[in-house]
Amino acid sequence: MNTASNSTGRDILSTRQIPVPPDLVFQAFTDPECLAKWWGPKGFRNTFHEFDFKTGGNWRFDMHGPDGTDYPNHFLFEEVSPGLIVLRHLNSGHLFTLTITLAPKEGGTRITWRMVFETAHECAAVREIIPRCNEENFDKLEAALASVCALASSDRELRLVRIIDAPQEEVYRCWTEGALLTRWFTPPPWTTPSAELDVRPGGAQAVVMRGPDGEENLHRGVYLEVVKNERLVWTDAFTHAWEPSEAAFMTATLTFEKLPGDRTRYSARILHWSAEDREAHEKMGFHEGWNTATDQLAALAASL
């Protein structure tokens, strides 16, 4: 643990070494349900109203103090990537930018929490309490990563969780109707020229993805579980009619949870056949690619 401020008088810096890989620490930020449990000092709780975890997205929530006082918060995500999260706090009277970096260090993660206030006066007003609050926040983060709130329980798992401003039924349709899936499935400059989906247990899927140079990849899989509007499970271990594929890579579990206000908690849990497959998938750009595709999914679902 290390906490300090620099000579500008506007910075407060907190760091800690956490014995968890950076990608798992990053995932503790991506799931609003998990984040709400650990964000803030000891004794504080959170109620999220908006959580759009992407560059340019908004995060609005109420932080509930131990004495019952509510503290409204509004952040703007200025930058989001697996090793870097930059947030700007927009509430008047408490203007600051928080830069969170996650760097691999000795088998774990060095997390750096740098707060830069608009003025030295604002920084001075909280200089005595912020370092302690940050340390309590780190304590809660470590506890969350060690509990069931941790988003990846094995070295074979990747996960994405997003709140989508569209009804559950429309988000589900975007995954189960080929004419819709082709409109959002691949991040630019790739496209999806065709998608044949037989959405039933044992039914096959065949999705063609086309690159900017005209190259095409055919993805085949079989649905293992289908619960309309709520859950889809599919795997590329089979192609069609339960015929084994040549190289099994992953099984995907998608859940669609209805939220108030015609919103949906959308979760994609990807289990790989090996830790090496998971690592390869992440290096291929899982976080960036799936988040970009989910942006497109959300926009399409909201328009239906």
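The values are calculated or read from the model by the stated rules, or taken from the named source; none is laboratory data. This is a predicted model, so every value here is computed, not measured. Cβ coordinates were reconstructed from backbone atoms using ideal geometry, including for glycine residues, and neighbour counts include every protein chain displayed. Please note that ligands, DNA and RNA were not included when accessible areas were found on the heavy atoms of the full protein model with its side chains. Shrake-Rupley method; radii C 1.70, N 1.55, O 1.52, S 1.80 Å.
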| message | Can you compute the helix-only [θ] at 222 nm over the chain? Use -39500 (n - 2.57) per DSSP H run of at least 4 residues, normalise by all residues, nearest 500 deg cm²/dmol. | response | -7500 deg cm²/dmol
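Determine the share of the chain's accessible area contributed by carbon and sulfur atoms, expressed in whole percent, with a 1.4 angstrom probe. The partial results should precede the final answer.
On the way: 7520 of 14350 Å².
Using a 1.4 Å probe with all protein chains present, the chain comes out at 52 percent carbon and sulfur.
What is the gain in length, in nm to one decimal, between T119 and K42 on full extension, counting 0.36 nm per residue of separation less the C-alpha to C-alpha distance?
Details: separation 77, 0.36 × 77 = 27.72 nm, distance 2.66 nm.
Value of the extension gain: 25.1 nm.
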| Can you give me the Cα centroid spacing of segment 1-72 and segment 156-210 in angstrom? | 31 Å
| remark: Cross-link reach from K54 to aspartates and glutamates, straight Cα distance under 18 Å and at least 8 residues apart if same chain, gives D23, D31, E33, E78, E79, D165, E282, E288, D295
| By how many nm would the segment from E50 to A252 grow when fully extended, if each residue of separation counts as 0.36 nm and the alpha-carbon distance is taken off? | 70.1 nm
| message | Let's test the formula: R0 of 22 Å, r as the Cβ-Cβ distance of E230 and E33. What FRET efficiency results, to the nearest 0.05? | response | 0.85
| Based on the Cβ-Cβ distance of H64 and E279, what FRET efficiency does E = 1/(1 + (r/R0)^6) give at R0 = 51 Å, to the nearest 0.05? | 0.85
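On full extension of the chain, what length is gained from W242 through D155, given 0.36 nm per residue of separation minus the C-alpha to C-alpha distance?
Taking W242 through D155 to full extension adds about 28.6 nm, to one decimal.
Based on the mean of other beta carbon atoms within 10 Å per residue, what is the order of 132-141, 21-30, 66-75, most packed first?
On the way: 132-141: 17.4, 21-30: 20.3, 66-75: 11.8.
Sorting 132-141, 21-30, 66-75 by mean packing, highest first, produces 21-30, 132-141, 66-75.
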| query | If packing is taken as the mean number of other Cβ atoms within 10 Å per residue, what is the order of 287-300, 206-219, highest first? | reply | 287-300, 206-219
| task | Would you mind working out the magnitude of the charge dipole of segment 1-116 relative to its Cα centre, with +1 at each Lys and Arg C-beta and -1 at each Asp and Glu C-beta, to the nearest 20 Debye? | result | 340 debye
| field | Per residue, in Å², the accessible surface of the chain once ligands and nucleic acids are set aside, probe 1.4 Å | value | 47 Å²
